[in-house]
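Note sheet for the following structure.
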Amino acid sequence: MGGVRSYNEYCAVAQALDVVGERWSLLIIRELLIRGPSRYTDLRYGLPGIATNLLADRLRELEEAGVVQRAEAPPPVATTLFDLTERGKELEPVVKALGRWGGPLVTRPIGDNEFRSHWLALPLELHLRDRTPNARAQTIEVRTGDHPMTVEVKGGTVDVRPGKAERPDLVLTGVASQVLGLMLNRLELAEAQKRGLKVEGDARVLKRVQP
């Protein structure tokens with residue numbers, strides 16, 4: 001990792017930051033935690049602000065550090081996939097802690113910031129709770145950004161995954177800040193609708209999952 005700057009401190013935090021503290025490194029790890037094994041083009045799409053040469057450099061540095069590994073996918077895919085090593089997966093609590101801390105920040109207006117729908121997975125999984133675990137399974141479809149997301153609540157767990165829900169109990173359509181503000185209980189339903197959020201279905205599902 002010759003090109004990476006070091007804090008030159010014999011401290012576990014500093015040594016860890018020498019590995020994952022460079023700009024974009026933790027966001028690459030975020031992408032691999034959310035998406036799993038990913039093509040280079042998948043990572044480019046999920047990191048819209050990174051230059052392709054810088055992404056290549058960061059992947060190489062993380063590989064050298066034993067955080068990321070690559071494998072050749074068999075035909076018909078026949079492409080290189082990047083994934084986290086076991087050591088890299090140990091960073092999941094770190095990324096989740098940052099996501100939990102940053103949750104309140106992403107209920108503000110999006111402004112000129114880039115957005116990808118799968119980024120919703122982290123704050124929603126971290127903050128939502130199933131308050132009635134003995135009730136039947138219910139789903140919320142979130143339509144914001146580039147792709148729909150499904151939030152499934154059942155048996156005391158909340159699962160957030162990409163894609164449309166088969167028979168959603170509730171569909172929310174709007175900008176990310178409105179959706180997150182409502183679902184994280186920082187924005188009242190009436191106010192969210194006043195701001196343009198479209199709500200279709202049984203809004204009582206929100207009370208089941210809101211923190």
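Since every read-out is calculated from the coordinates, none of them should be taken as a lab result. Just so we're clear, the structure is a prediction, and the values are computed from it rather than from any experiment. Note that each Cβ is placed from the backbone with ideal geometry, even for glycine, and that neighbours are counted across all protein chains shown.
Some points to look at:
- Extension gain (nm, one decimal) between Phe115 and Arg39, 0.36 nm per residue minus Cα-Cα: 25.4 nm
- Cα-Cα over 26 Å, subset of Lys96/Lys164; Lys164/Lys198; Lys154/Lys194: Lys154/Lys194
- Ranked by how many other beta carbons lie within 10 Å on average, peptides 68-77, 144-153, 95-104 from highest: 144-153, 95-104, 68-77
- On Cα atoms only, tilt of 25-35 relative to the major axis of the chain in degrees: 50 degrees
- In degrees, nearest ten, helix 52-64 long axis to first principal axis of the chain (Cα): 70 degrees
- Vicinal HN-Hα couplings computed from phi for the range 110-125 (Karplus, 6.51 cos²θ - 1.76 cosθ + 1.60; Hz; Gly/Pro x): 6, x, 8, 5, 5, 8, 10, 4, 5, 5, 5, 4, 5, x, 5, 5
- To the nearest ten degrees, helix 92-102 and the longest principal axis of the Cα atoms of the chain are 50 degrees apart.
- The C-alpha atoms of the range 107-209 occupy a region whose extents along the principal axes are 41, 26, 23 Å, arranged from largest to smallest.
- Each Lys and Arg adds +1 at its Cβ and each Asp and Glu adds -1 at its Cβ; summed about the Cα centre, the range 12-90 shows a dipole of about 260 debye.
- Relative contact order (%) - criterion: Cα under 8 Å, at least six apart; region: the chain: 14 percent
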